[in-house]
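The values are calculated or read from the model by the stated rules, or taken from the named source; none is laboratory data. Bear in mind that the values here come from a model prediction, so they are computed numbers and not experimental data. Cβ placement follows ideal geometry from the backbone for every residue including glycine, while neighbour counts extend to all protein chains displayed. Remember, those area values only see protein heavy atoms, side chains included, never the ligands or the DNA or RNA. Shrake-Rupley method; radii C 1.70, N 1.55, O 1.52, S 1.80 Å.
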Amino acid sequence: MANLTTDGKLCIEREIDVQIIENDETEMTSRYSIADTCNWINSNKYTKVCLQFPDELLGISSKVYEELKKGTEADLYILGDTSYASCCADVVASMHVQSDAIVHYGHTCFSKTNIPVYIVLNQKSLDIDFTMKILRENLTDFNLKKMCLLYDCDFNHLKDDLTEKWFQQYPNSYIASISMKESKHRFFGRVVKNASSENFSSEILKDCVCIYVGSRGRTFFNFTVSVEAEKWYLLDPASNQLDVIQETIWFKRRRFLIEKCKDANVVGILVCKLAGDQTKQIINRMKQLCKANGKKCYIVSVGKPNVAKLANFPEIDIYVMIACPENDLYDSRDFYQALVYPYELEVALNTNRDFYFTSHITNYEDLLPGNLHYKDINDICDSTDVSLITGKIRETKVTAASSSTDLVQKQNWQLENIGHSLSKRSWKGLEQKLGESDVKQVEVGRKGIPLQYLNEPE
């Protein structure tokens with residue numbers, strides 16, 4: 001199972017389903033919400049707006065641009081190559097033209113940004129009656145249990161009909177419908193509601209059987225590991241099959257990586273998302289965790305990460321990725337150092353968190369102060385334990401340098417760690433060979449530039 005990150009060549013080699021350009025202007029106007037988009041731009045008096053398209057929609061970008069220009073006088077710019085994941089609003093690229101807002105097309109993760117974003121979702125067809133029939137025939141044993149229906153954002157244009165048919169069949173259940181507005185109980189861009197349109201927290205799903213209508217992708221995976229439910233089902237409209245989701249070894253691997261976090265002396269904070277104030281806050285949070293546990297940390301921003309880029313930092317033992325939870329372009333097993341979520345570093349270094357977790361938090365914003373899963377960081381004292389991976393003794397030294405003796409002890413401990421890291425290298429630099437080389441008189445070296453040195457014959 002892909003974690004967060006793989007070799008960058010997959011971004012180049014992966015196949016893309018290009019959308020067929022619609023010749024019918026009426027169909028395009030409706031499908032890509034041309035009138036509503038123009039009204040949003042004009043009513044907010046935006047003068048520069050970026051149109052962000054994923055790779056599979058670049059073929060229709062010029063057509064959409066032409067239709068929008070008929071309804072607005074704002075300067076429009078097409079963004080075709082996103083900095084990180086196409087599901088996130090590319091705030092960095094929009095800053096190049098000092099854009100006032102972004103119109104985001106296609107699949108989205110509903111992440112927060114510090115710039116206004118208007119979302120235009122994909123529109124896929126769905127046979128709602130046949131979908132309800134499949135659920136009715138396969139979920140006969142759950143009529144007395146609470147259930148919740150979740151659907152892919154590509155079916156959001158059908159949510160009214162889907163909601164109506166769902167509550168007709170299961171009136172005492174819930175539906176997690178997509179909400180474009182930020183609200184108290186919103187999670188992954190969705191809000192849980194009952195037949196009376198009352199809003200509920202995602203905590204209510206612990207006692208529910210959850211059914212997701214959509215493909216087996218990163219969105220569904222995030223739901224299954226982040227939202228506790230009695231049982232998860234997947235109904236893929238492409239195959240019309242209802243599958244029950246069994247527990248995988250994914251959680252076992254996460255616990256192994258948490259132990260790797262404890263073993264690490266140097267932590268790299270790998271920034272793969274720059275949009276929103278929450279990015280700065282979670283970076284500071286990770287730095288606080290490292291400092292409280294006596295670990296050195298570095299902030300690394302290399303654009304789209306790949307093996308070659310991260311191999312330039314061999315001193316880093318493990319990376320914690322600040323990235324969109326739906327970014328599945330990479331596989332951490334392809335890298336020399338392990339990559340983990342912010343939540344896994346929290347579990348490893350924050351004693352207020354339970355090590356034996358049954359659900360995962362892929363949305364790092366929930367870890368920040370004032371949010372659902374925030375925990376204070378305890379002051380860590382010097383401690384010693386045994387690594388479950390290497391079997392070696394693991395020391396945590398966070399003694400405050402209150403005297404010169406304490407400072408020397410702390411410096412000596414840090415030098416020991418640096419020496420241990422260097423001893424693992426196969427190449428340790430040029431050999432000095434002190435006393436073995438002949439003493440020679442100093443000579444004048446080359447002068448000039450490589451194109452033509454001054455002492456070089458023409």
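Remarks
- Residue, nearest to Pro116 (Cα to Cα), within region 270-319, restricted to residues that are among the aromatic types (Phe, Trp, Tyr) and over 17 Å from the mean Cα position of the chain (by Cα): Tyr298
- Residues satisfying the stated conditions in region 125-147, i.e. under 30 Å from Cys38 (Cα atoms) and surrounded by 15 or more Cβ atoms within 10 Å (Cβ to Cβ): Leu126
- Residue list for region 158-172, filter: part of a loop (DSSP other than H, G, I, E, B) and open to solvent by 70 Å² or more (accessible area, probe 1.4 Å): Pro171, Asn172
- Qualifying residue in region 353-366 (condition: at pLDDT 75 or above, surrounded by fewer than 19 Cβ atoms within 10 Å (Cβ to Cβ) and more than 30 Å from Lys231 (Cα to Cα)): no
- Of all residues making up region 173-186, the number that are among the hydrophobic types (A, V, I, L, M, F, W, C) and either in a loop (DSSP other than H, G, I, E, B) or closer than 16 Å to Ser226 by Cβ (or both): 2
Condition check ((1) aromatic (Phe, Trp, Tyr); (2) at pLDDT below 85; (3) farther than 29 Å from Ile393 by Cα; (4) not in a strand (DSSP E or B)) across all residues:
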| position | (1), (2), (3), (4) |
| --- | --- |
| Asp243 | no, no, yes, no |
| Ile258 | no, no, no, yes |
| Ala275 | no, yes, yes, yes |
| Gln288 | no, no, no, yes |
| Met321 | no, no, no, no |
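- Qualifying residues in region 342-389 (those that are part of a loop (DSSP other than H, G, I, E, B) and among the charged types (D, E, K, R)) - the one farthest from Arg285 (Cα to Cα): Asp382
- Counting residues in region 199-207 that are within 20 Å of the chain's Cα centre (by Cα), surrounded by 13 or more Cβ atoms within 10 Å (Cβ to Cβ) and of a type in the set (Phe, Trp, Tyr) gives zero.
- Residue count for region 187-198 satisfying the condition of being open to solvent by less than 10 Å² (accessible area, probe 1.4 Å) and outside any loop (DSSP other than H, G, I, E, B): 3.
- Within region 62-113, the set of residues being without any contact (Cβ under 8 Å) to a residue 40 or more places away in the chain, in a helix (DSSP H, G or I) and under 18 Å from Thr26 (Cα atoms) comprises Ser62, Tyr65, Glu66, Leu68, Lys69.
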